[in-house]
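Asks: Here it is: the structure, laid out below.
The values are calculated or read from the model by the stated rules, or taken from the named source; none is laboratory data. A quick note: this is a predicted structure, and the numbers were derived from the prediction, not measured. All Cβ positions, glycine included, derive from the backbone under ideal geometry; neighbour counts span all protein chains shown.
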Amino acid sequence: MEKGSLRHRSLWHKAAFQVDIMAKLLQDLNKYQEKLGLNLTKLYHITSLTTDNTSSNTGEKNGVRAVLERARAAEWLRDGQAGTMPPLIFKGCEDHITNLVSTEIEKRLVSRAISWGVQGPGRWEKARLHHSPRPHHGSP
């Protein structure tokens, strides 16, 4: 498969492919850790995941979070780890959520302003100037 091919690019949108890439990167890291006599980093050491909130990331069966959880659990069992596996904390992209909410609030404010008969920046400026305190001249 060619690196720039459409098929290759479409794979990046598949959760299983993304988790497989994570696992392969950790395998490469583990080679260096072994040479240096360091503890190996495993998938179950990944304890937090931050993504946007699209279904490809959050889907309960095939989203990145679900696929990563299954891969972590499989590796935990394969390594014979005792006790409870550390939980994977999922955090949605707050900036993305904030932007969506901000856009919705702006739409509603504009709609409300139009319903009140306030249209365009000229009217807003006149209203602001009308209600702003006037400077005092002369002595207090």
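Asks: Among all residue pairs at least 6 apart or on different chains, which show Cβ distances below 8 Å where the first residue, located in segment 22-37, is free of Cβ contacts under 8 Å to residues at least 40 places away in the same chain and of a type in the set (A, V, I, L, M) and the second is in a helix (DSSP H, G or I) and surrounded by 10 or more Cβ atoms within 10 Å (Cβ to Cβ)?
Replies: Leu26/Leu43
Asks: Here's something else I'd like to know. Of everything in segment 90-109 that's among the hydrophobic types (A, V, I, L, M, F, W, C) and within 18 Å of the chain's Cα centre (by Cα), which residue is nearest to Leu49 (Cα to Cα)?
Replies: If we filter segment 90-109 for residues that are among the hydrophobic types (A, V, I, L, M, F, W, C), which is where we start, we get 90, 93, 97, 100-101, 105, 109.
Still in the running and within 18 Å of the chain's Cα centre (by Cα): 90, 93, 97, 100-101.
Working: Phe90: 5, Cys93: 10, Ile97: 16, Leu100: 21, Val101: 22 Å.
Here the answer is Phe90.
Asks: I'd like to check which helices (runs of 4 or more DSSP H) are fully inside segment 35-140 and have at least 1 residues that are modelled with pLDDT of 85 or more. Full working, then the answer.
Replies: Values: elements: 55-58, 64-78, 94-115, 120-131.
So the answer is 55-58, 64-78, 94-115.
Asks: Then there's this: Any residue at all in segment 44-54 that is of a type in the set (Phe, Trp, Tyr) and within 25 Å of the chain's Cα centre (by Cα)?
Replies: Checked segment 44-54: at least one residue is of a type in the set (Phe, Trp, Tyr) and within 25 Å of the chain's Cα centre (by Cα).
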